[in-house]
Amino acid sequence: MTDRRAVLIVMDSVGIGGAPDAAAYFNDGLPDTGANTLAHIAQTRPLHLPHLDALGLGAAIRLASGAEAPGLDAVPQGLWGAATEVSRGKDTPSGHWEIAGVPVPWDWHYFPDTHPSFPADLTANIARAAGTDGILGNEHASGTEIIARLGAEHLRTGRPICYTSADSVLQIAAHEEHFGLDRLYRLCEAVAAMVHPMRVGRVIARPFLGAEGSFTRTPNRRDYAIAPPAPTLLDLAHEAGRITHAIGKIGDIFSHRGISHLHKGRSDADLADHLLRLADEAAPGSLIFANFVEFDSLYGHRRDVEGYAEALEWFDGVAGALMARLRPGDLAIFTADHGNDPTWHGTDHTRERVPVLGWGYGARAIGQVGFADIAASVAAHLGLPPAGPGRSFL
């Protein structure tokens, strides 16, 4: 068994434009053609990302989309390229599964942007599982907006707030104290069993606290994702006797399959602490798989350009600290699962290519690759059997 370790980091929603099929994906009824998360942020205000840019971030943006990103003009010193997704979706499971070697083989089910969004029999079954006389919401909505609008009615009636989005998802919000956190989790687990056979990717528990006028979501979100349809990079590593570490929502995305240790936190700052600790402590041959979600959840969906830019600059410091801790023979790859352009119309993800930046193999241009090539490359580095249909770029 090789002593080499691998760190795979998904910077959630940090897209770089150029997806060849962007015209088939929409925000507010308009196609995603031209969306470019990183370039548009940098064109709004120059970005200072010295560590990621030194690996090749600016060069990856130019390769993916031809766009210039002010502030990102370093000559690449690391492994760099751009990846294109083949799975039919621009959501979290699609991107992560394909990065881990399993392109999605089916079309996801999406609930229509109507009121109601959910079929009557599903609504009745959700209410029955909740022990209530109905549900609230039943529409496409922003999570923070719908809690502000319906939170007081939820407290009066006890009915859970159920909503969806352009993703293949059913989200359930409830007050941690009045409804109960464990009760919300049990409800979401029951609803997941109802909708996974429909090819709905995730049921998400969205707990909140507070009173009318001051409701706030808590960090106790939990995702109930449909299981990947084939062995992923995590499964292969775990079956080969490697220690696998899942940081953030990786455990939820992969239905907790193939994971030795789960590391959660209340914020991306907590997850960064786990990442840096594991860089010091993880055993030889380990796989560390991390997701940093706040680019997407706090800034992309809310179309907060400045907040997104500041989060990127904070994370660049984390990336530098990580690379300073890595050992000879280690591999670190920084990538993303989709885009979420904060300058774009609508509030949903954007269909984009993503960066592939690597530490541990010197300066190496890998060109245009597939998401699944990332899994194949990590597997090759760890001396594992090929993971999925991709080809190693190492």
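The set of residues from segment 55-83 being over 13 Å from residue 355 (Cβ atoms) and hydrophobic (A, V, I, L, M, F, W, C) comprises 74, 75. For segment 26-35, the candidate set comprises residues that are open to solvent by 10 Å² or more (accessible area, probe 1.4 Å) and modelled with pLDDT of 95 or more; within that set, the residue that is farthest from residue 95 (Cα to Cα) is 30.
Checked against the criterion of being at pLDDT 95 or above, surrounded by fewer than 20 Cβ atoms within 10 Å (Cβ to Cβ) and under 21 Å from the mean Cα position of the chain (by Cα), segment 60-71 contains not a single residue that satisfies it.
Name every residue in segment 201-223 that is open to solvent by 40 Å² or more (accessible area, probe 1.4 Å) and not basic (Lys, Arg), in order of residue number.
As a first pass, look at segment 201-223 and keep what is open to solvent by 40 Å² or more (accessible area, probe 1.4 Å): 209, 211-214, 216-217, 219-222.
Of everything in segment 201-223, those that are open to solvent by 40 Å² or more (accessible area, probe 1.4 Å) and not basic (Lys, Arg) turn out to be 209, 211, 212, 213, 214, 216, 219, 220.
Here residue 185 passes the criteria (1) modelled with pLDDT of 95 or more; (2) open to solvent by 10 Å² or more (accessible area, probe 1.4 Å); (3) closer than 28 Å to residue 9 by Cβ; (4) out of contact with any Lys or Arg (no Cβ under 7 Å at 6 or more places or on another chain) except the one numbered (4).
Within segment 298-317, track down each residue that is of a type in the set (Phe, Trp, Tyr) and either open to solvent by 30 Å² or more (accessible area, probe 1.4 Å) or over 18 Å from the mean Cα position of the chain (by Cα) (or both). Steps first, answer last, please.
Initial filter on segment 298-317 (of a type in the set (Phe, Trp, Tyr)): 299, 308, 314-315.
Of everything in segment 298-317, those that are of a type in the set (Phe, Trp, Tyr) and either open to solvent by 30 Å² or more (accessible area, probe 1.4 Å) or over 18 Å from the mean Cα position of the chain (by Cα) (or both) turn out to be 299, 314.
Could you list, in sequence order, the residues of segment 1-37 that are outside any loop (DSSP other than H, G, I, E, B) and closer than 30 Å to residue 245 by Cα?
Across segment 1-37, the qualifying residues are 6, 7, 8, 9, 10, 11, 37.
Contact annotation: residue pairs with Cβ atoms under 6 Å, 6 or more positions apart or on different chains, pairing a residue in segment 1-23 that is farther than 13 Å from residue 293 by Cα and open to solvent by 20 Å² or more (accessible area, probe 1.4 Å) with a partner that is assigned to a loop (DSSP other than H, G, I, E, B) and of a type outside the set (Gly, Ala, Ser), are 3/284; 18/353; 23/33. Do we have any residue at all in segment 266-288 that's crowded, with 19+ Cβ neighbours inside 10 Å, of a type in the set (A, V, I, L, M) and part of a loop (DSSP other than H, G, I, E, B)? Looking for residues that are crowded, with 19+ Cβ neighbours inside 10 Å, of a type in the set (A, V, I, L, M) and part of a loop (DSSP other than H, G, I, E, B), one finds at least one in segment 266-288, hence yes.
Return the residues of segment 183-229 that are farther than 27 Å from residue 96 by Cα and assigned to a helix (DSSP H, G or I); say none if nothing qualifies.
Scanning segment 183-229 gives a single hit, 183.
Exactly one residue out of 343, 347 is more than 15 Å from the chain's Cα centre (by Cα) and at pLDDT below 95, and it is 347.
Out of (1) modelled with pLDDT of 95 or more; (2) loosely packed, with under 15 Cβ neighbours inside 10 Å, what's the single condition that is false for residue 235? Going through the list (1) modelled with pLDDT of 95 or more; (2) loosely packed, with under 15 Cβ neighbours inside 10 Å, residue 235 breaks only (2).
When the residues of segment 351-369 are filtered to those that are open to solvent by less than 20 Å² (accessible area, probe 1.4 Å) and either of a type outside the set (Val, Ile, Thr) or in a loop (DSSP other than H, G, I, E, B) (or both), the one that is farthest from residue 91 (Cα to Cα) is 358. For segment 1-15, filtered to residues that are out of contact with any Asp or Glu (no Cβ under 6 Å at 6 or more places or on another chain) and aliphatic (A, V, I, L, M), the residue that is modelled with the lowest pLDDT is 1. Contact map, segment 202-231: residues that are more than 30 Å from residue 258 (Cα to Cα) paired with residues that are in a loop (DSSP other than H, G, I, E, B), Cβ distance under 6 Å, separation 6+ or inter-chain. Pairs shown: 208/215; 209/218; 216/210.
Does residue 137 meet the test of being closer than 16 Å to residue 201 by Cα, surrounded by 16 or more Cβ atoms within 10 Å (Cβ to Cβ) and either β-branched (Val, Ile, Thr) or at pLDDT 95 or above (or both)? Spell out the reasoning first.
On the way: closer than 16 Å to residue 201 by Cα: no; surrounded by 16 or more Cβ atoms within 10 Å (Cβ to Cβ): yes; either β-branched (Val, Ile, Thr) or at pLDDT 95 or above (or both): yes.
Here the answer is no, as residue 137 does not meet what is asked.
If you take the residues in segment 112-129 that are of a type in the set (Val, Ile, Thr) and closer than 14 Å to residue 191 by Cα, which one is least open to solvent (accessible area, probe 1.4 Å)? Step by step, filter segment 112-129, then rank; the result is 126.
The values are calculated or read from the model by the stated rules, or taken from the named source; none is laboratory data. Bear in mind that the values here come from a model prediction, so they are computed numbers and not experimental data. When we count neighbours, we look across all protein chains shown, and the Cβ atoms used for this are built from the backbone with ideal geometry, even at glycine. We work out accessible area using only protein heavy atoms, side chains counted, and drop any ligands, DNA or RNA first. Shrake-Rupley method; radii C 1.70, N 1.55, O 1.52, S 1.80 Å.
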